[in-house]
1. Take GLU46 and SER17, extend 7 Å from each Cα along the Cα→Cβ direction, and tell me the distance between the two endpoints in nm.
2. To the nearest 0.05, what FRET efficiency results for LYS190 and LYS242 with a Förster distance of 25 Å applied to their C-beta separation?
3. Report the Stokes-Einstein translational diffusion coefficient (µm² s⁻¹, integer) for region 85-134, Rh taken as the Kirkwood radius over Cα pairs, at 25 °C with viscosity 0.890 mPa s.
4. Do any GluC sites (Glu not before Pro) in region 1-42 lie in a loop, going by DSSP, with at most 15 other beta-carbon atoms within 10 Å of their beta carbon, and if so which?
5. Modelled label-to-label distance, ARG257 and ARG283, 7 Å Cα→beta-carbon offset: nm?
6. Let's test the formula: R0 of 25 Å, r as the Cβ-Cβ distance of LEU60 and GLU26. What FRET efficiency results, to the nearest 0.05?
7. Kindly state, to the nearest 0.05, the FRET efficiency for MET1 paired with ASP235, given R0 = 30 Å and r defined as their beta-carbon distance.
8. Gap in Å between the Cα centre of region 81-120 and the Cα centre of region 238-289?
Amino acid sequence: MASQILELYNAYEEDPSVKLVIIKGEGKAFCAGGAISVLFNVSWKEAAILFSTAYTLDYLIATYAKTQVSLIKGIVMGGGAAFAVHGRFRVVTDDTVFAMPKTALGLFPDVGASYYLSRLPGFFGEYVGLTGARLDGAEMLACGLATHFVPLEKFSALEDALCKANTGDPKIINNIIRDFSNKNPKLKEKSQVFRYIFFVCNCENPPGKLMRPHQYTLKHNVHCKEEEADKNKDDWISWTIKTIKKASPTSLKNSLRSIRTGRLQGVGQCLIREYRMSCTVIRGKVCRDFFEVPIYYFISSIKRLQST
């Protein structure tokens, strides 16, 4: 699929008749990501070619010359998130569910995730990357993963309006999307965004402050949350601790380091580094956590997302 989309993107960029590119999913989901099971059945060199194609496509989307609109309905997770988040306009809706559950699989948030997660407010990107927390459309808009929220009943009309406009002018496209948008969708009472900002930004560190690695380690993070959970018996904090402890320790450390490094790198640098990391993981020389994680975990995760 990545190869076919890459060919189309290259062709559209050179075609003067194409003014706007709209990317959406077929069916109920936007994209649940790549077929992880494929990596178990190919050599690491063959896997490296697959990674190369996917990462090249991600870079093209992130640096595309023409205006793009991602219409994100349903599940958007893993590699599918790159198709959506790297685009200029990222439109979410009522049933959108974002997740990056890579640490539980022995992997790490890749496909440019160290670029866009590192640019979320405070340490929220680190939290999302380490825990694989699910975010709905309102939460994606609140933290900056999305640019617009359009109610589900207006999604088809928005697409029609974009097509009829016959323009790639970003200002015009933005105005069209805004006409259909709900600018302040209500966050649920137990929103991941609210809970995280309250606990981390208010209780531990000022919002947006970047600490040095020795000041804010993974061990320190878990220890602080355990103390807070003991004091307040907070279900959200307990869930965070449980999720982190179930994940691959090596993946957690790789993910945290990758996202922090991404703060100071451009999208191209992040993708190159993540490509090298992916090849190292798939070779299994340093750590074999990825090969020891049952594939049913990944499949069951998708089914759970589809049922919510």
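The values are calculated or read from the model by the stated rules, or taken from the named source; none is laboratory data. Small disclaimer: the values here were computed from a predicted structure and weren't measured. FYI the Cβ positions are ideal-geometry reconstructions off the backbone, even for glycines, and counts take in every protein chain you see. Surface accessibility is based on the protein's heavy atoms, side chains included, excluding ligands, DNA and RNA. Shrake-Rupley method; radii C 1.70, N 1.55, O 1.52, S 1.80 Å.
1. Once both label points are built, they end up 3.9 nm from each other.
2. 0.95
3. 210
4. GLU26
5. So the label points at ARG257 and ARG283 sit 1.5 nm apart.
6. The pair LEU60/GLU26 has a calculated efficiency of 0.75.
7. 0.20
8. 14
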